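Just below is one structure, and these are the notes that go with it.
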């Protein structure tokens, strides 16, 4: 994992700080709706676990 900000995200107009704090998610034509559902479920669990920690640091 690189500590450098994503060039793709910066190319989309995000600042360096925003790019460092962002999560870039990619799908392809090879992904199924089941893949997307599995990702959304896992992301929801991770978000609920991490969001309170984020609020404490803010």
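A Cβ distance below 8 Å, combined with a sequence gap of six or more or placement on separate chains, defines the contacts here; from region 30-46, residues that are touching a residue at least 12 places away in the same chain (Cβ under 8 Å) and on the phi < 0 side of the Ramachandran plot reach no residue that is loosely packed, with under 10 Cβ neighbours inside 10 Å and assigned to a helix (DSSP H, G or I). Set side by side, the residues 55, 23 differ, and just one is exposed (fewer than 12 other Cβ atoms within 10 Å of the Cβ), part of a loop (DSSP other than H, G, I, E, B) and at pLDDT below 90, which is 23. Whether a residue is surrounded by 10 or more Cβ atoms within 10 Å (Cβ to Cβ) and outside any loop (DSSP other than H, G, I, E, B) was assessed, and residue 49 does not pass this test.
Checked against (1) exposed (fewer than 10 other Cβ atoms within 10 Å of the Cβ); (2) modelled with pLDDT of 95 or more; (3) outside any helix (DSSP H, G or I), residue 34 meets all criteria but (3). Here residue 4 meets the list (1) over 14 Å from the mean Cα position of the chain (by Cα); (2) modelled with pLDDT of 90 or more almost entirely, failing just condition (2).
The values are calculated or read from the model by the stated rules, or taken from the named source; none is laboratory data. Keep in mind the model is a prediction, meaning the values are calculated, not measured. Neighbour counts are summed over all protein chains in view; Cβ atoms, including those assigned to glycine, are modelled from backbone coordinates with ideal geometry.
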